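The values are calculated or read from the model by the stated rules, or taken from the named source; none is laboratory data. Only a predicted model underlies this, so the values are computations on that prediction, with no experimental measurement involved. Every residue, glycine among them, receives a Cβ derived from its backbone with ideal geometry; neighbour counts consider all protein chains shown.
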Amino acid sequence: MVQPRIRRRAFDTVSPAPAAAPVTPAVKLTGFVRQFGQNRVIDGLDLSIAPGEFVALLGASGSGKTTLLRTLAGLDPVGDQDVTTPSTRAVVFQDARLLPWKKVWRNVALGLKDPGFRKGAVRARAEAALKEVGLGHRLDAWPSTLSGGEAQRTALARALVREPGLLLLDEPFAALDALTRLKMHDLVLNLWHEHRPAVLLVTHDVDEAIALADRVLVLNKGRIAAEEKITLERPRAPDARFQAIRRRLLGHLGVEAPASHEGALIAFPTGEAVQ
Ligand SMILES: Nc1ncnc2c1ncn2[C@@H]1O[C@H](COP(=O)(O)OP(=O)(O)OP(=O)(O)O)[C@@H](O)[C@H]1O
Ligand SMILES: [Mg+2]
């Protein structure tokens, strides 16, 4: 099998990108192609993400969002193509994917592979990460006893415990109720401010993308077909500027925004997440 040629850089701890100076990107793809048989899913895609930048990715079901995310996570072969990413990356999927036979803290500690760690130190790091996501009291719980939101928070703790330079989120809140999802938005923003990884968030929820990201991209026909820089101050109220961005993004997605949707959540149909 062709070994993936992944260029890794030491962006494990990153600070916010300075406004003026040119920044070496945390993620860079140029003319990237990925195909399955005759199906060319990613077709000459260019993508650059700055260290510490929060990018959201929208696109119709089957447009290749998960395929792109898996490439950046190093989960798929890339042949002889150059894929620049930070050396440490972490992924959170739509389902938390916790191991049911391991207690919550041990699930989080799975991210800590360093054999130099003593058990006590590993548990302390897992505990600190779980405290950050508000689950310091569930260290010894079994995954089956967690709510959906708690399971996703555990998955976030597991992702962040190794201080990734790139955090990849594939529809991580899609299965949660609206209120829990809003709480998760706040949590993710707080964690991002604290740890400053570059983030690529795949979502079908246009409002979620605008609420969270510095930049929203639309994937279509294997390429980035549209881009919106979001300069609104956080927390972002659904004001006129927000609505204008939403209308433009929905237009890029081929959806007409009904005029009466002020302040309502708009999501376009989701599809099956690829495992
Ligand atoms: N391992 C694979 N083998 C063959 N085809 C694949 C494989 N993985 C993905 N595909 C195909 O690539 C295309 C893009 O799939 P992908 O999962 O990336 O879409 P997506 O944008 O994440 O969709 P969704 O929004 O439904 O999650 C689809 O046509 C899918 O069938
Ligand atoms: Mg997907």
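Data for the structure
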quantity	calculated
Tally, over the stretch 161-185, of residues that are part of a helix (DSSP H, G or I) and in contact with a Pro (Cβ under 8 Å, 6 or more places away or on another chain)	1
Answer residue from the stretch 117-137, given it is within 21 Å of the chain's Cα centre (by Cα) and farther than 16 Å from GLU194 by Cα and is surrounded by the fewest Cβ atoms within 10 Å (Cβ to Cβ) among those	LEU135
Residue match in the stretch 21-31 (condition: within 17 Å of the chain's Cα centre (by Cα), at pLDDT 95 or above, in a strand (DSSP E or B) and under 24 Å from ALA157 (Cβ atoms))	yes
Residue satisfying all of: in the stretch 69-112; touching a residue at least 60 places away in the same chain (Cβ under 8 Å) and small (Gly, Ala, Ser); farthest from ARG125 (Cα to Cα) among these	GLY79
Conditions (1) within 21 Å of the chain's Cα centre (by Cα); (2) free of Cβ contacts under 8 Å to residues at least 60 places away in the same chain; number of the one not met by SER63	(2)
Answer from ALA209, ALA244 - the residue that is at pLDDT 95 or above, within 16 Å of ligand 2 (Cβ to nearest atom) and in a helix (DSSP H, G or I)	ALA209
Subset of the stretch 166-180 (residues that are more than 16 Å from ligand 2 (Cβ to nearest atom) and either crowded, with 20+ Cβ neighbours inside 10 Å or over 19 Å from LYS131 (Cα atoms) (or both))	LEU166, LEU167, LEU176, ASP177, ALA178, LEU179
Verdict on LEU187 being closer than 22 Å to LEU58 by Cα and touching a Ser or Thr at 6+ places or on another chain (Cβ under 6 Å)	no
Matching entry among GLY74, GLY52, GLY62 (being over 22 Å from ALA159 (Cβ atoms) and of a type outside the set (Lys, Arg))	GLY62
Any hit, the stretch 132-146, residues being charged (D, E, K, R) and within 16 Å of ligand 2 (Cβ to nearest atom)	no
The stretch 212-241, subset part of a loop (DSSP other than H, G, I, E, B) and of a type in the set (Val, Ile, Thr), residue farthest from the chain's Cα centre (by Cα)	THR231
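Rundown of residues vs (1) of a type in the set (Gly, Ala, Ser); (2) within 16 Å of ligand 1 (Cβ to nearest atom); (3) out of contact with any Asp or Glu (no Cβ under 6 Å at 6 or more places or on another chain), yes/no style:
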{"site": "GLY64", "(1), (2), (3)": "yes, yes, yes"}
{"site": "LEU69", "(1), (2), (3)": "no, yes, no"}
{"site": "GLY79", "(1), (2), (3)": "yes, yes, yes"}
{"site": "LEU98", "(1), (2), (3)": "no, no, yes"}
{"site": "VAL108", "(1), (2), (3)": "no, no, yes"}
{"site": "ARG125", "(1), (2), (3)": "no, no, yes"}
